[in-house]
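Inspection log for the structure reproduced underneath, given as structure tokens.
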Amino acid sequence: IQIQDTTICFGDSVLLSPNLTGTYSYLWSNGASEPEVYFMNPGTYTLKITDTNGCSINKQFNIAVDVFDSSTFFSSDTIDLCSGNKIQLSNPDENIVSYQWLHNNSTLPYQNVYSSGTYTLVTANNRGCESVDSVYVHVIGTAPTANFSINNFCENQEIQFVDQSFPADSISSWK
């Protein structure tokens with residue numbers, strides 16, 4: 001009997017069949033009597049197969065559900081950011097193997113933000129299970145780009161730093 005323990009993604013189902021040829025009757029523990037049955041709930045199940053002579057065999061199998069979901073995604077539905085900041089998962093699942101931002105198809109684990117709008121991220125884990133979450137980003141200004149130059153860089157002389165940050169006067173103090 002070719003039925004094995006199986007793990008499926010949350011919300012999916014799996015079609016199981018013993019793949020037998022010949023005349024048999026089937027009785028699945030969920031009450032079904034067809035040779036192929038869909039399962040979507042976790043649990044331990046059995047299949048009783050009986051041949052035309054009345055001989056039978058029982059096969060027990062388990063269905064597990066991978067609960068990879070959006071619990072590790074954005075910590076809020078709406079966030080305020082400056083243009084030039086980035087968004088990323090607040091606590092990424094260690095099993096994430098791929099990222100895709102839907103508005104531009106980027107596959108980076110973060111997204112640079114330049115305009116207000118909804119940012120939707122699809123992630124997949126090592127089993128191919130996907131999870132989706134969105135966050136609305138409200139852009140409240142422009143993130144400063146820190147930059148400076150140095151004048152009078154000579155030994156035993158005072159060093160003078162010149163603020164060249166963008167936008168001008170965007171940085172109130174340096175530490």
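I'm checking my understanding of the structure. Among residues of segment 94-133 that are of a type in the set (Gly, Ala, Ser) and within 24 Å of Ile8 (Cα to Cα), which one is surrounded by the most Cβ atoms within 10 Å (Cβ to Cβ)?
Here the answer is Ser131.
Please go through segment 87-145 and pick out each residue that is aromatic (Phe, Trp, Tyr) and either in contact with a Lys or Arg (Cβ under 9 Å, 6 or more places away or on another chain) or closer than 29 Å to Thr7 by Cα (or both).
Tyr99, Trp101, Tyr110, listed by residue number.
Just to be sure I understand, how many residues within segment 1-58 are closer than 30 Å to Val132 by Cα and either assigned to a loop (DSSP other than H, G, I, E, B) or open to solvent by 40 Å² or more (accessible area, probe 1.4 Å) (or both)?
Number satisfying all stated conditions: 13.
Which count do you get for residues in segment 109-133 that are free of Cβ contacts under 8 Å to residues at least 24 places away in the same chain and under 29 Å from Val65 (Cβ atoms)?
Of the residues in that region, 4 qualify.
Search segment 32-43 for residues that are touching a residue at least 24 places away in the same chain (Cβ under 8 Å) and closer than 11 Å to Leu15 by Cα and pair each with any residue that is of a type in the set (A, V, I, L, M) and exposed (fewer than 12 other Cβ atoms within 10 Å of the Cβ) when their beta-carbon atoms are under 7 Å apart and the residues are at least 6 apart or on different chains.
Note: pairs meeting the criteria are Tyr38/Leu15.
The values are calculated or read from the model by the stated rules, or taken from the named source; none is laboratory data. All of these numbers come straight from a predicted model, not from anything done at the bench. Reconstructed Cβ throughout: ideal geometry from the backbone, glycine too, with neighbour counts over all protein chains shown. Surface accessibility is based on the protein's heavy atoms, side chains included, excluding ligands, DNA and RNA. Shrake-Rupley method; radii C 1.70, N 1.55, O 1.52, S 1.80 Å.
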